[in-house]
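Just below is one structure, and these are the notes that go with it.
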Amino acid sequence: MDPAVAAQMSEAVAEKVLRYRRDESGWKICREGNGVSVSWRPSMEFPGNLYRGEGIVNSTPEKVWGCIKPLNVSSFEIIESITDMLCVSRTATPSAAMKLISPRDFVDLVLVKKYEDGTLSSNAVNVEHPLCPPKPGYVRGFNHPCGCFCEPLPGEPNKTKLVTFFQTDLSGYLPQSVVDSFFPRSMAGFYTNLEKAVKRLYD
């Protein structure tokens, strides 16, 4: 992938995801529990929803960051490293929702950013890549601008506020009701699994 094009595209995505983070308007809570809140609003990118997850994880931002990537996926591979902070990745997810959702894979341009306050962010959007055509056994899904923020909590060095944004077109012929129930449940599960992973790795 052309490095200049990739850099320009990824910075635009990061700006968009940062705007999602700062914009508090229009969110409707769809799931709450165990310290995690999931809300949604209509996506401006595709005929679906933008979901936001918020929760506190009991560890430092760096440790939480180290555990984020492999969760809720069956495989994660880097297709092309463009810089230390920018790559094209392929993520595969197993079947879900009692197999109503068959295995998916996603090819994304991913940019990692570190902000002055110590926040770490991952910003991603779907791309096509010659080294990663559609694969048998997987439905190719598409991530519209999405990402996560690992934010330090002032005065709480061993806690991290984790804010996640997903707006994913799962493709295939899925009833909207299946999609609408899947994402909030999956995102809440992500926080639970992350807390366990951090404890397992660092306790």
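The values are calculated or read from the model by the stated rules, or taken from the named source; none is laboratory data. The shown structure was predicted, so the numbers you read here are calculated from the model rather than taken from an experiment. Because the Cβ atoms are built from the backbone with ideal geometry, glycine has one as well, and the counts that use them run over all protein chains shown. Heads up: the accessible areas ignore ligands, DNA and RNA and are worked out on the full protein's heavy atoms, side chains in. Shrake-Rupley method; radii C 1.70, N 1.55, O 1.52, S 1.80 Å.
Between region 132-203 and region 104-131, the C-alpha centres lie 13 angstrom from each other. Under a Gaussian network description of the chain, with springs only between Cα atoms under 10 Å, the residue in VAL64, VAL36, VAL178 that fluctuates furthest is VAL178. Value of Rg to Rh for region 1-136, rounded to two decimals, is 0.96; Kirkwood radius and Rg both from alpha-carbon coordinates. Positive contributions from Lys and Arg (+1) and negative ones from Asp and Glu (-1), summed over other residues with Cβ under 15 Å from the Cβ of PRO47, come out at -2. Compared with the direct C-alpha span, the chain from GLU32 to THR192 gains 56.3 nm at full extension, assuming 0.36 nm per residue.
For the chain, what % of the accessible area comes from carbon and sulfur atoms, probe 1.4 Å? It is 56 percent, rounded to a whole number. With a ≥ b ≥ c taken as the square roots of the eigenvalues of the C-alpha gyration tensor of region 65-202, please select rounded if a/c is under 1.5 and otherwise prolate if a/b is larger than b/c or oblate if it is not? Oblate is the answer for region 65-202, as a/c is 1.5 or above yet b/c matches or exceeds a/b.
Other residues with beta-carbon under 14 Å from the beta-carbon of GLU32 carry, at +1 per Lys or Arg and -1 per Asp or Glu, a net charge of +3. Once the 1.4 Å probe is applied to the protein heavy atoms, the chain comes out at 53 Å² accessible per residue.
Report, in deg cm²/dmol and to the nearest 500, the calculated mean residue ellipticity at 222 nm for the chain, where each DSSP H run with n ≥ 4 adds -39500 (n - 2.57) and the sum is divided by the residue count. Before the final figure, lay out the partial values.
Numbers: 3 runs with 55 residues, N = 203.
When only DSSP H runs of four or more count, the value is -9000 deg cm²/dmol.
Computed over neighbours whose Cβ is under 10 Å from that of ASN126, the net charge equals -2, Lys and Arg +1, Asp and Glu -1.
Sort TYR173, TYR202 from largest to smallest accessible area, using a 1.4 Å probe on the heavy atoms of the protein chains. Don't skip to the end; give the middle numbers.
Details: TYR173 230, TYR202 95 Å².
Largest accessible area first, the residues go TYR173, TYR202.
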